[in-house]
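Right, one structure below, let's go through it.
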Amino acid sequence: MGKSFLSKKTSLGGSKYEKKNSKDEKKGPRLPSALQREVDSLNTRYSDNSDEEEELHDTDIYEYNEAQAEEESRKNRRYDPVDNLEYKLPDEFEDENLSSDDDDNNVDHASESKSNMNTSDESEDDVEEDSVGRHARMLQNITGMPAEVFDGKKQKFGVVSETYPESEYNPSRDTLDGDGRITIQDLLVPLQKKRGYSELNKRIQKVERKSVPVQTPISKVLQENVDRKVAYEHTKKDITKWELPVKRHREATTIFFEKDTNVGFSTVGAIASGFTPRTNFEKKMDSLINDAKVVEAYREDGARLLELNKISVEDVIDHKNSLAKMRSLLFRHEMKAKRIKKIKSKTYHRLLKKDKLKASHTEMQTDPEAAKEEAMKQEFKRAEERLTLKHKNNSNWAKRVKKRGLEAQDEGTRVAISEQLNQHADLTRKMYSMKESSSSDETSDEDDEDELSPDANPDGVSKLLTKAKEKTQKLLETEDEMGTSGVLSLPFMVREMKKRKEMAYAEAKLAIEDYESSLKQLEDTNGAATSEIRTSSGRRVFGAARKQPEESVNRTKSGNIDRDSDSDYEYKANDNLDVDRAGNGALQKKVPLDANMLRGESDSGSKSVYTSFDDTVRDPDPKTTYEVAIFASNSWKKVGNKNVSNGIDKKSVVVVEPIRPQQDLKEVDKDDTESEEEMVDGFLSSGTKADYELPSQEDLIRRAFAGDDVEEEFEKDKLEVLNEENPEPEKPLLLPGWGQWTHIQKKKGTPSWLLEEHESAKRKREESLKKRKDAHLKHVIISEKINKKVEKLHAKSLPYPYTSQEAFNMSMRVPIGPEFHPAASLRALNCPEVVKTPGHIIKPISFEEVNPHEKEDEQKMKGPNQKIKNKKSNNVKGAKKTKIKHKSN
Amino acid sequence: MDAMDGHMDSISCMTKNPNHLKDIFSGAMDGEIRHWDLASRKTVRQFHGHQGAVKGLTTSTDGQILVSCGTDCTVRLWSVPVAGGMELDDSIDHSSEPLAVYVGKNAFWAVDHQWDGEHFATAGAQVDIWDHNRSEPINSFEWGKDTVMSVRFNPGEPNLLATSSSDRSITLYDLRLSTPVRKLIMKTKTNSICWNPMEPMNFTAANEDCNCYSYDARKLNEAKCVHKDHVSAVMDIDFSPTGKEFVTGSYDRTVRIFRYNGGHSREIYHTKRMQRVFSVKFTCDGSYVVSGSDDTNLRLWKAKASEQMGVILERERRNHELREALKKKFRHLPDIRRIDSHRHLPKPIYKAAKLRQVMLEAERRKDKNRRAHSAPGSMPVEPMRKKRILKEVE
């Protein structure tokens, strides 16, 4: 660089100075020396015309002052009258960009010197280097003052001539004196009258006040450390955004990694909603379904729909009623079946089986076809008997007995033999009797009709009454004996029966009184009249033992037919009675008490009424029941006076009462009873009405569980537990041969210490029993013994995620499985933690920024424009929310 | 389930194709790279080129480019053909030339690819970040002079990566700020690191001291969880894509599966012929585990040993679920836990575990005695989670 160039530069700097101050000071990067030089050259080129531009350049170029620069520059300035070392410019001056390249000789240092901004000083240095005159000129240029101002210096310049180069080791005198420094004030003085001075001044003051020394850059290691720290903080903050999704991810009971399959329609309803009728059929159906009338009715009220249905209300009600009836019937039947099914007793079932057999037997007789079958069977048996003569004492055993003579045998054998003979006789004779019955069906009917007249006599009535009285008394006496065998022997039956018996007893007593009174009256009014008691061999009567009931039956028949000789009915009655006779067991099964009574009263008049009742109840046609009842009572009414009828009514009540349970099973039509109520007294009707009553729940339960005694069982169990935990001490037993060596020892018996031990053990046991927690609790067993088997099923300590025992217990208590949960919720309950489909690539978590206010916006805003607007504002706010999304293929 | 034989030397590294379920690549110590088809358990193709051992393998997220690096100071990029057309039986002989070979100054120890990005990182003397399209690393980090042994990108946060180096340190880097971020020095070397793909702040380090340590990148002063059970150095670790469990391969010739928060392993796999396991991988659907070991074999395991394979009908699946739920419910009961956690171990491992237990017990006893004989409070109890950490360098 030439000197002229330098000078030019300085001048340039001077001119710039003012303008610079008026502008903002900028810091720019330090430029490399080569670049700097170019800039300088540019500066020279445009020095005259375009000041502004240069200024800009300069401001960009120069940035800051480096500490070293001054020193280095000083080294080379030998003739510097002004000492730089001493002089320190305020820092702000670094910003005053002077494009003076001061060191020409040392290119290496150029960069540093460039950054040196103490422009005035440097310019001075340059001047001094070259010549005094130049210096003066420069000063003049810079300050705008006449050269005389700097005279002092000049003089000095003139005087001093140093042979050695000026350096820090030999400072010039100026430096030593402390004179000749140029302050900013000095430089400002010439500007005082120029434009913009006040502004400049202000700025300088401002800068002076705030001046801070620039710090040295820290070492690289430290710098990196700081960088890392900041980076870490930044990264940390950045990662923290994951916290929410990760938390959600972790807390989720189930995470699904599955393909997104979009079926389109979600439900059947959704699919159906999109349906439009196309074909004719579909259109027709649609018009029917979507009929305005129907739809409207459906929406408004269900009643309108009924009208549209074209079914009369009565029909519906009827239907409903019939349904209800059937349901109640079913229910009753079910109740009974349940009760019976619950009975576990073997004996009961055995007996039941037997009864059933018998019942079927009787039924077969009522049913003509079944009877035929039965007859065939019997026929077969008889044929067999005739063929084999099994019971004709033809066996070896019988022959031997015969050989020895019957007298020689003991009682048992004799009985057995006779029994066999009887059996044979039975089997053969029955055959004949059966034939007889089939043939003499009509004759018996006629016989019955013959009987009508004697029964009409009041005499017969009195006799009947006396008999009835007797029978009732007998019955009362013999009641206890009944029911010792069969189903009746079962405890619950016994209990039930007892109850019934008491009731019956009371009523029977009343009846007896009635009989007596009526008898007296009868005796008064009528003379002695004998009634024929016919002993007829009725149809299908096989045994002589059954004679008595038969009589009564016939009598009742006659009584009935007295009023109304409807042969059809009669036949029925006969049939029923026959059934009655044939199987007492069948009756027992259904209504045990009735059967008993029947047996007892079989030949009394009242009994006959009763039996007819009983049988007709079992008759498939309910109407006949009442007819029988009516006829019976009516006939009595007609025969006797009012008292009698009254008595009979009462009697009938007595009889009816025990039938009740049976009538529970049988459906009796209400309409029929209504008509009877007019004819018969209130007793009967009320009786039938009461039949509808179901046995109470308690009653049922008691009956059902009559067999098992829970309390007793529990007590047994408890005793067992007690014995197990505190075993009873063994009784002191003498071991055979132990202590029995001599006679004396034997006398001693069990040793005393053994006894004592036993005693103490007993005492201990009692004490421990008393100490037990359940000693005073009758219905509780508290065992304080640890069960090792149970211990296996308990967690030893509270498992990790649980904080309290209750919570853990609760969680254990919740059952799992299809037995405890509906299918819909089962899947959710049993869902594993991670659900993934094999073969589906799971991608790592990805982050999505979602606007939390979006939804609210949608609710609030109506127009789309507004929504967008709001979104924007939200974005500005920077409110963001995270959302996890699993990408799927 | 099966062993895949084919390599001539022990397998040093593996990578899965994130875009294709059946693909897995394995690199061996003799410089051979093989591409396996897991369905047929056969080699689909081989990549020849490395002069020394292949130390690192990785695949780009789209599965098109395979990056390998090795001790021959080269990084090689290979193009992976589309899987569909390459399932030929005679394709074993197929071999391809690398797309590019970049030569570095030092041997490379590991390589990992960024998730959903163009960059991959190699580890060696320093950590270099490369771009697919440039032959020079676009960035390189150096913090300390020790060799970096492993590098792993965070799949959730693609700009974050962690390395472990031979100075026993784990270092975190952030690409955006182009500086290392933090360094954690432990008492023993970390062999491998894996980030949790579902929890981007957490990573687990497989340590030389037989344990794995789960860390939160934000709180490095203590481990979140210490996963113990191995009896020798843990060589490699890989997270299941579900983020709920990870698999480790160890020098003790076993493969173990841990839950992400479980102190002990859920499952252990071993066979008589399996030697030191150097590399393990979970498949992309999280249902299989592949291990590569010293005996030159790749082995395929089920991630859940008792799981039924094949198509499972709805009813059957519901039944399985119910059984699992029952097991889960009663897992605290002593007997059930015993049955559930019982595994038959090879004798050496069983004995080593016992020995380790004894040693640990002795250490604990000694510590306890010391504590008992020193002034109260002078020896604070240090939890295991902090014990193995030397310091955290900023």
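The values are calculated or read from the model by the stated rules, or taken from the named source; none is laboratory data. The model shown is predicted, which means the values in this text are computed figures rather than measured ones. Cβ sites come from the backbone with ideal geometry, for glycine too, and all protein chains shown count toward neighbours. Keep in mind that these areas ignore ligands, DNA and RNA; they rest on the heavy atoms of the full protein, side chains included. Shrake-Rupley method; radii C 1.70, N 1.55, O 1.52, S 1.80 Å.
Out of segment B:186-210, which residues are open to solvent by 10 Å² or more (accessible area, probe 1.4 Å), within 14 Å of another protein chain (Cβ to nearest Cβ) and polar (S, T, N, Q)?
Hit for segment B:186-210 is B:Asn202, nothing else.
If I go through segment A:766-821 residue by residue, how many of them are surrounded by 13 or more Cβ atoms within 10 Å (Cβ to Cβ) and of a type in the set (Val, Ile, Thr)?
2
Out of (1) surrounded by 24 or more Cβ atoms within 10 Å (Cβ to Cβ); (2) within 14 Å of chain A (Cβ to nearest Cβ); (3) among the polar types (S, T, N, Q), what's the single condition that is false for B:Ser250?
Here B:Ser250 clears every test but (2).
Of all residues in segment A:313-356, count the ones that are under 38 Å from the mean Cα position of the chain (by Cα) and open to solvent by 60 Å² or more (accessible area, probe 1.4 Å).
The total comes to 15.
The conditions are (1) more than 14 Å from chain A (Cβ to nearest Cβ); (2) surrounded by fewer than 24 Cβ atoms within 10 Å (Cβ to Cβ), and B:Tyr213 fails exactly one of them. Which is it?
So B:Tyr213 meets the others, but not (2).
On the given criteria, is B:Asp5 modelled with pLDDT of 85 or more, among the charged types (D, E, K, R) and over 22 Å from A:His840 (Cβ atoms)? Steps first, please.
Working: modelled with pLDDT of 85 or more: no; among the charged types (D, E, K, R): yes; over 22 Å from A:His840 (Cβ atoms): yes.
It is false that B:Asp5 is modelled with pLDDT of 85 or more, among the charged types (D, E, K, R) and over 22 Å from A:His840 (Cβ atoms).
Here is a list of conditions, (1) of a type in the set (Gly, Ala, Ser); (2) under 28 Å from the mean Cα position of the chain (by Cα); (3) within 14 Å of chain A (Cβ to nearest Cβ), and B:Ala352 meets all of them except one; can you say which number that is?
If we test B:Ala352 against (1) of a type in the set (Gly, Ala, Ser); (2) under 28 Å from the mean Cα position of the chain (by Cα); (3) within 14 Å of chain A (Cβ to nearest Cβ), just (3) comes out false.
Identify the single condition in (1) away from chain A (no Cβ under 12 Å); (2) more than 26 Å from B:His344 (Cβ to Cβ) that B:Val234 does not satisfy, given that it satisfies every other one.
(2)
Are any of the residues in segment B:135-145 buried (at least 23 other Cβ atoms within 10 Å of the Cβ) and within 14 Å of another protein chain (Cβ to nearest Cβ)?
No, segment B:135-145 contains no residue that is buried (at least 23 other Cβ atoms within 10 Å of the Cβ) and within 14 Å of another protein chain (Cβ to nearest Cβ).
On the basis of being without any contact (Cβ under 8 Å) to a residue 40 or more places away in the chain, within 14 Å of chain A (Cβ to nearest Cβ) and open to solvent by 10 Å² or more (accessible area, probe 1.4 Å), does B:Lys183 make the cut?
Numbers: without any contact (Cβ under 8 Å) to a residue 40 or more places away in the chain: no; within 14 Å of chain A (Cβ to nearest Cβ): yes; open to solvent by 10 Å² or more (accessible area, probe 1.4 Å): yes.
So B:Lys183 fails the test.
Of all residues in segment B:256-299, which are away from every other protein chain (no Cβ under 14 Å) and either in contact with a His (Cβ under 7 Å, 6 or more places away or on another chain) or assigned to a loop (DSSP other than H, G, I, E, B) (or both)? Even if it seems obvious, please write down each step before you answer.
Applying the first criterion (away from every other protein chain (no Cβ under 14 Å)) to segment B:256-299 yields B:256, B:258, B:265, B:267-280, B:290-299.
Of everything in segment B:256-299, those that are away from every other protein chain (no Cβ under 14 Å) and either in contact with a His (Cβ under 7 Å, 6 or more places away or on another chain) or assigned to a loop (DSSP other than H, G, I, E, B) (or both) turn out to be B:Arg256, B:Phe258, B:His270, B:Thr271, B:Lys272, B:Arg273, B:Met274, B:Gln275, B:Arg276, B:Asp294, B:Asp295, B:Thr296.
So which pairs qualify, if the first residue must be in segment A:266-291 and assigned to a loop (DSSP other than H, G, I, E, B), the second must be open to solvent by less than 70 Å² (accessible area, probe 1.4 Å), the Cβ gap must be under 8 Å, and the two must be at least 6 apart or on different chains?
Every condition considered, the pairs that remain are A:Pro277/A:Asp286.
Would you confirm, using the coordinates I've provided, whether B:Gly124 is surrounded by 15 or more Cβ atoms within 10 Å (Cβ to Cβ) and at pLDDT below 85? Show your work before the answer.
Numbers: surrounded by 15 or more Cβ atoms within 10 Å (Cβ to Cβ): yes; at pLDDT below 85: no.
Judged against the criteria, B:Gly124 is not a match.
Does at least one position in segment B:277-291 carry a residue that is of a type outside the set (A, V, I, L, M, F, W, C) and surrounded by fewer than 19 Cβ atoms within 10 Å (Cβ to Cβ)? So that I can check it myself, show each step before the final result.
Filtering segment B:277-291 for residues of a type outside the set (A, V, I, L, M, F, W, C) gives B:279, B:281, B:283, B:285-288, B:291.
Add one more test, that the residue is surrounded by fewer than 19 Cβ atoms within 10 Å (Cβ to Cβ), and what stays is none.
Within segment B:277-291, not a single residue is of a type outside the set (A, V, I, L, M, F, W, C) and surrounded by fewer than 19 Cβ atoms within 10 Å (Cβ to Cβ).
When you look at A:Asn201, is it more than 10 Å from chain B (Cβ to nearest Cβ) and surrounded by 11 or more Cβ atoms within 10 Å (Cβ to Cβ), yes or no? Write out each step before concluding.
Working: more than 10 Å from chain B (Cβ to nearest Cβ): yes; surrounded by 11 or more Cβ atoms within 10 Å (Cβ to Cβ): yes.
For A:Asn201, the condition - more than 10 Å from chain B (Cβ to nearest Cβ) and surrounded by 11 or more Cβ atoms within 10 Å (Cβ to Cβ) - is met.
In segment A:211-254, which residues are among the small types (Gly, Ala, Ser) and either more than 30 Å from A:Pro801 (Cα to Cα) or in contact with a helix residue (DSSP H, G or I) (Cβ under 6 Å, 6 or more places away or on another chain) (or both)? Working first, answer last.
Going residue by residue through segment A:211-254, those that are among the small types (Gly, Ala, Ser) are A:211, A:219, A:231, A:252.
The answer is A:Ser211, A:Ser219, A:Ala231.
(1) open to solvent by less than 100 Å² (accessible area, probe 1.4 Å); (2) under 42 Å from the mean Cα position of the chain (by Cα); (3) within 14 Å of chain B (Cβ to nearest Cβ); (4) modelled with pLDDT of 85 or more: which one isn't true of A:Tyr232, the others all being true?
So the condition that A:Tyr232 fails would be (2).
Go through segment B:355-390 and give me each residue that's of a type in the set (D, E, K, R), more than 24 Å from the chain's Cα centre (by Cα) and outside any helix (DSSP H, G or I).
Looking only at segment B:355-390, we keep the residues that are of a type in the set (D, E, K, R), and these are B:356, B:361, B:363-368, B:370-371, B:382, B:385-388.
Right, trim to more than 24 Å from the chain's Cα centre (by Cα) and you get B:361, B:363-368, B:370-371, B:382.
Scanning segment B:355-390 gives a single hit, B:Glu382.
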